[in-house]
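Taking it in order: structure first as structure tokens, then the write-up.
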Amino acid sequence: MEHFRSTVSSVWQQLKNSIKCTDTGANWSVLESVAPVLSAEVNIDENGVILLAGYYPTKPSQVQFEQKYIYAGTAWKLVGFSIEAK
């Protein structure tokens, strides 16, 4: 989690005690060898947020994800994400 906190936006860095991981027992390492598929065109919204949404074509369940980024200082920083196997 320390690496994660150091690479996200400063807003999230200030919330370090509220970022928690729940161990679901899922083996996410299988995604390392699978290319993600974007499900929508990547655009910047009116608030300057980029949304990347897509899935990993895994079986028996697809792993769907969303990631949101804002430009902070000199780089794009993560401000929101979700990942779920469906």
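The table below lists the values:
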read-out: Filtered residues of the stretch 23-64 (kept if of a type in the set (Phe, Trp, Tyr) and not in a strand (DSSP E or B)); value: TRP28
read-out: Any pair with Cβ under 8 angstrom, 6 or more apart, that starts in the stretch 65-86 at a residue that is free of Cβ contacts under 8 Å to residues at least 60 places away in the same chain and ends at one that is of a type in the set (Ser, Thr, Tyr); value: PHE65/TYR55; PHE65/TYR56; PHE65/SER82; GLU66/SER82; TRP76/TYR69; ALA85/THR58; ALA85/SER61; LYS86/SER61
read-out: In the stretch 11-46, residue modelled with the lowest pLDDT [restricted to those that are surrounded by 11 or more Cβ atoms within 10 Å (Cβ to Cβ) and among the small types (Gly, Ala, Ser)]; value: ALA26
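The values are calculated or read from the model by the stated rules, or taken from the named source; none is laboratory data. Being a predicted model, the structure only gives us computed values, none of them experimental. Here the Cβ is made from the backbone with ideal geometry for all residues, glycine too, and neighbour counts use every protein chain on show.
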